[in-house]
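A quick write-up on the structure given underneath.
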Ligand SMILES: Cc1cc2nc3c(=O)[nH]c(=O)nc-3n(C[C@H](O)[C@H](O)[C@H](O)COP(=O)(O)O)c2cc1C
């Protein structure tokens, strides 16, 4: 008979595994239990934080290489007008280089024009900050002066979109904005809030006319009335190609009449506010010799009240060298393709006015050498816009640095010494 008694041999439990040896912290295999390639939250935070810190430092210190590289990437995905709006927004919020080359000033670049001191001769041209929203921070970006506008008396939307086209292969832009503007009333309020009369960075206010206005003189008078108290200088812009009939105002008869009424308006305003902001005329690069000659005569004649010329606006010509498929778009061409054209007109106007009328050279400036060529051709000050599209704000630091080097290389102690150097012997 089989025994039912329990076996006296109970199976032994296996011995417990030995306790893990304590490991030093830096050997602890933190990630060993994670599948390969798994990114922990902390890794992500470190990586994203690192990229953000790097981007912030490069943005605020104005790294030239970073800006041009980043802009190339952004421009693949964002159209011209949206990029422009974001650039103005960022300038308004103060996301601009706050250290580095941009804020460096050079003794040789200090200059006096229109009875005003400029810490450097490089300004931002009209069309970037059309509604004057970013004046306060633009003044802190290292530029010598900033021009806002063009401002029309009544608000207008401008032409239908799309209306801004990059010509990346040519470092140019074609725009047909057509004076999109919030209008003189709202913009004067925006500018008033940022008004700092003793600020060393001058603010120019560029005036345009409404598309549907039949009376150009009245439009400019409204601009004078509104903005003379707020401007370090005023600009009569008769040279944008995107407002029908505007450039016809550059003919002798039309311009003479227009300038007379503008001058009368400024006379009245001067009595009221006790000062007279200099009045500049902005011209196109596409004028005939006759037009340029006539404008020079009006500019020399003090009775028309012109204190300076801005040479030039965008061109309606299309140089054969253009590569970009966007070259067929209608509008004004700016940037590198207009550089030589406008420098030539600076030289012509300098000679035609006998060097008696200060010229602001504008068109295709993207390096110190470009600015230097404008100055040697007769410009006392220089502006840029399209270079911001391709190089961002560090271009300001670059142009200042390189311009100072050009002056030193050629033995000029100051900008003023170099003005018109290419033509001086020909000027009476
Ligand atoms: C998108 C864009 C908008 C512009 N808008 C104006 C404007 O409203 N008023 C004006 O006088 N010039 C305007 N301009 C012309 C510039 O002020 C400047 O004269 C021209 O672009 C040449 O300089 P740049 O080659 O450095 O850009 C505009 C230029 C661009 C590219």
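With R₀ set to 30 Å, the beta-carbon distance separating residue 154 from residue 90 gives a calculated FRET efficiency near 0.60. Subtracting the Cα-Cα distance of residue 136 and residue 12 from 0.36 nm times their residue separation leaves 36.1 nm of extension gain.
With everything on Cα atoms, drop me the angle between helix 394-409 and the longest principal axis of the chain, reported from 0 to 90° to the nearest 10. Relative to the chain, helix 394-409 is tipped by roughly 60 degrees.
Normalised by the number of residues in region 41-426, the average gap of Cα pairs under 8 Å and 6 or more apart makes the relative contact order 18 percent. For the chain, the longest principal axis of the Cα atoms and the long axis of helix 252-273 meet at an angle of about 70 degrees.
Expressed per residue, the C-alpha convex hull volume of the chain stands at 243 Å³. At full extension, residue 190 and residue 78 could sit 37.6 nm farther apart than now, given 0.36 nm per residue minus the alpha carbon distance.
Rounded to the nearest 10 degrees, the angle from helix 64-77 to the longest Cα principal axis of the chain is 80 degrees.
Take every Cα pair under 8 Å whose residues are at least 6 apart in sequence, average their separation, divide by the length of region 223-307, and the relative contact order is 38 percent. Cβ crowding within 10 Å, taken as a proxy for footprinting-reagent exposure, orders 93, 86 from fewest neighbours to most as 93, 86.
What the Cβ-Cβ distance of residue 276 and residue 51 gives, at R0 = 45 Å and to the nearest 0.05, is a FRET efficiency of 0.30.
Quick check on region 160-290: take the gyration tensor over C-alpha atoms, sort the square-rooted eigenvalues as a ≥ b ≥ c, and tell me if it's rounded (a/c under 1.5), prolate or oblate. Taking the square roots of the gyration eigenvalues as a ≥ b ≥ c, region 160-290 is oblate. Each of 72, 269, 92 has some number of other Cβ atoms within 10 Å of its Cβ, and from fewest to most they run 72, 92, 269. Stretching residue 302 away from residue 214 to a fully extended chain increases their span by 28.9 nm, per 0.36 nm per residue minus the current alpha-carbon distance. Taking every Cα-Cα distance in region 323-417 and sorting them into 5 Å bins from zero, the calculated P(r) comes out as 3, 14, 22, 22, 18, 12, 5, 3, 1 percent. Convex hull volume of the Cα atoms of region 67-119, normalised per residue: 134 Å³.
Label sites at residue 330 and residue 293, each approximated as a point 7 angstrom past Cα along Cα to Cβ, lie 3.3 nm apart. So what is log10(I(q)/I(0)) for region 357-396 at q = 0.21, 0.24, 0.33 1/Å, when the Debye sum runs over its Cα atoms only? Calculated log10 I(q)/I(0) at the listed q: -0.57, -0.71, -1.10.
Each value in this text was obtained by applying a stated rule to the coordinates, not by laboratory testing. Computed from a predicted structure; not experimentally measured. In this analysis, Cβ positions are derived from the backbone assuming ideal geometry, glycine residues included, and neighbour counts consider all displayed protein chains.
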